[in-house]
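Okay, structure first, notes after.
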Amino acid sequence: MVVSGQLGLHDGVLVNGGVADETRQALANVAALLEAEGAGLASVVKTTVYLRHMSDYAAMNDAYVDAFGETRPARAAVGVAGLPMNALVEIEAWAHLAK
């Protein structure tokens, strides 16, 4: 299953608090989409993280590690010139769903 890029949106609005809070919310959104298919973050095998500012990598990474724990999927982090809604981070995920 592929989860398209998720922003740190809650009720259609970007969360306040910077890149760490946006990362937590984006991953919560990924988790909710996976849960609707009977999976969860543990099913994620690859993510791509798009950052508006590569200087935000450490703060994003701390929130990312908190969400995934010890078993983290493969990841690429890419700096971009801009994101929808002026977001600081967008995360897409690839998950393996057992059938």
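Read-outs: derived from the displayed coordinates by stated rules, not from any lab. This one's a predicted model, so the numbers in the text were calculated from it and none came from an experiment. Glycine also receives a Cβ, built like all others from the backbone with ideal geometry; neighbour counts cover every protein chain displayed.
Which residue out of LEU33, LEU97 is within 13 Å of MET1 (Cβ to Cβ), hydrophobic (A, V, I, L, M, F, W, C) and in a helix (DSSP H, G or I)? First the steps, then the outcome.
Working: LEU97 fails: in a helix (DSSP H, G or I).
It is LEU33.
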Looking only at residues that are more than 15 Å from ASN86 (Cα to Cα) and in contact (Cβ under 8 Å) with a residue 60 or more places away in the chain in region 1-60, which one is surrounded by the fewest Cβ atoms within 10 Å (Cβ to Cβ)? VAL2
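Take the residues of region 71-88 that are of a type outside the set (S, T, N, Q), touching a Leu at 6+ places or on another chain (Cβ under 8 Å) and more than 7 Å from VAL49 (Cα to Cα): which is surrounded by the fewest Cβ atoms within 10 Å (Cβ to Cβ)? Quick ask: steps written out before the conclusion?
The first filter runs over region 71-88 and keeps only residues of a type outside the set (S, T, N, Q), leaving 72-85, 87-88.
Those left that are additionally touching a Leu at 6+ places or on another chain (Cβ under 8 Å): 77-80, 83-85, 87-88.
After this cut, where a residue has to be more than 7 Å from VAL49 (Cα to Cα) as well, the list is 79-80, 83-85, 87-88.
Numbers: GLY79: 13, VAL80: 12, LEU83: 17, PRO84: 10, MET85: 12, ALA87: 21, LEU88: 22.
Among those that are of a type outside the set (S, T, N, Q), touching a Leu at 6+ places or on another chain (Cβ under 8 Å) and more than 7 Å from VAL49 (Cα to Cα), it is PRO84.
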Those residues that are out of contact with any helix residue (DSSP H, G or I) (no Cβ under 7 Å at 6 or more places or on another chain) and surrounded by 18 or more Cβ atoms within 10 Å (Cβ to Cβ), I need them from region 61-70; list them, please. none
Could you go through region 64-72 and let me know if any residue there is in contact with a Lys or Arg (Cβ under 6 Å, 6 or more places away or on another chain) and not in a helix (DSSP H, G or I). no
